[in-house]
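Sharing a structure here in structure tokens format.
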Amino acid sequence: MTDTPQRRPRLALFDLDHTLLPLDSDYEWGEFTIRQGWCDRTEFGRRNDAFFADYQAGTLNVHDYVRFATEAARLRGAEASQAAHAQFMQEVILPAIRPQALELLQSHRDAGEEIVIITATNDFVTTPIARALGVENLLAVELERDAGGWITGAIRGVPSMREGKVLRMQQWLQARGWDWGDVETTFYSDSLNDVPLLEKVDHPVATNPDPRLRALAQQRGWRILDLFPSKT
């Protein structure tokens with residue numbers, strides 16, 4: 001008799017913004033701080049829109065963006081910022097969590113797969129969102145903290161963006177004694193920025209893809225999943 005080969009552990013990897021959520025949480029947090037009166041609407045809005053356009057185009061300088069995006073919270077301190085984020089969750093994020101996203105996550109849990117959210121949005125914004133989605137494993141842009149434990153505006157380590165997502169996943173796997181060949185991986189993403197990781201996994205899924213990713217997925221025969229209505 002021969003031993004039956006054991007199946008590799010399976011991982012379901014998810015981008016967050018416009019993949020599991022029908023919005024960009026980082027952008028919406030910026031808009032929320034404007035409504036709170038933390039920022040000048042005209043100037044902050046102009047810069048936030050420009051950074052968002054750079055992200056969509058794949059040209060974002062993530063270090064410059066994170067310094068900009070975290071400035072208002074950094075200046076107001078942990079207590080005020082955390083209270084504001086709780087309000088942000090109630091008013092913006094929780095109403096945007098769609099049943100079909102929760103059902104997709106549950107389908108992977110039911111299949112015995114471990115779920116990881118890997119996002120280019122920072123950990124201050126996304127940690128409560130991952131918790132609301134019931135996902136323990138979050139790889140986000142890690143914000144540097146000062147001696148008092150509050151954010152400095154800088155990034156710690158490798159930002160989980162473009163090729164950085166591949167490296168951060170590699171580090172996550174190595175911490176568990178795995179390499180890519182030891183696991184079976186599926187990755188869901190909407191963005192052309194995530195092509196490096198989509199190319200690395202066993203099962204890439206272009207999810208609510210932007211037009212350029214949709215065209216690339218069709219060219220390469222990748223699965224396309226329209227979880228939400230098409231973006232305008």
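Rounded to the nearest 10 Å², what accessible area does Glu28 have for a 1.4 Å probe in the complete protein model?
The value for Glu28 is about 50 Å².
Mind listing the long-range amide H neighbours of Ala154? Cut-off is under 5 Å, sequence gap 5 or more, other chains count too, H placed in the peptide plane at 1.01 Å from N.
Answer set, sorted by chain and number: Glu144.
How much accessible surface does Tyr27 have with a 1.4 Å probe, in Å² rounded to 10?
Tyr27 exposes around 50 Å² with every protein chain in place.
Before I look further, what does the chain give for accessible area per residue, probe 1.4 Å, in whole square angstrom?
On a per-residue basis, 48 Å².
May I ask for the angle, rounded to the nearest 10°, between helix 62-88 and the longest principal axis of the chain, with both axes built from Cα atoms and the value confined to 0 to 90°?
80
What is the Cα radius of gyration of region 154-194 over 2.2 N^0.38 Å, N being its residue count?
1.27
For a Förster distance of 35 Å, can you work out the FRET efficiency between the beta-carbons of Leu75 and Glu142, rounded to the nearest 0.05? Don't skip to the end; give the middle numbers.
Details: r = 20 Å, r/R0 = 0.58.
The calculated FRET efficiency here is 0.95.
Select one label from [x] 31, 20, 17; [y] 35, 24, 17; [z] 46, 22, 17: the one whose number is semi-axes √(5λ) of the Cα gyration tensor in Å as derived from the coordinates shown.
Answer by label: [x].
May I ask you to derive the FRET efficiency for Gln82 and Asp110 from their Cβ-Cβ distance with R0 = 35 Å, giving the value to the nearest 0.05? Before the final figure, lay out the partial values.
Working: r = 34 Å, r/R0 = 0.96.
E between Gln82 and Asp110, to the nearest 0.05, is 0.55.
What number, rounded to the nearest 500 deg cm²/dmol, is the helix-based mean residue ellipticity at 222 nm of the chain, given -39500 (n - 2.57) per DSSP H run of at least four residues and division by all its residues?
My calculation for the chain gives -14500 deg cm²/dmol from helical runs alone.
Could you tell me how many degrees, from 0 to 90 and to the nearest 10, lie between the Cα long axis of helix 163-175 and the main elongation axis, the longest principal axis, of the Cα atoms of the chain?
With both axes taken from Cα atoms, the answer is about 60 degrees.
When the accessible area of region 98-202 is computed with all protein chains present and a 1.4 Å probe, what percentage of it is carbon and sulfur?
Numbers: 1960 of 4310 Å².
Of the solvent-accessible surface of region 98-202, carbon and sulfur hold 46 percent.
Separate question: Taking a 1.4 Å probe, which of Thr185, Thr127 shows the most accessible area, and what order do the others take after it?
Thr127, Thr185
The values are calculated or read from the model by the stated rules, or taken from the named source; none is laboratory data. Quick caveat, the model's predicted, so the values are computed rather than measured. Please note: Cβ atoms are built from the backbone with ideal geometry, for glycine as well, and neighbour counts cover all protein chains shown. We work out accessible area using only protein heavy atoms, side chains counted, and drop any ligands, DNA or RNA first. Shrake-Rupley method; radii C 1.70, N 1.55, O 1.52, S 1.80 Å.
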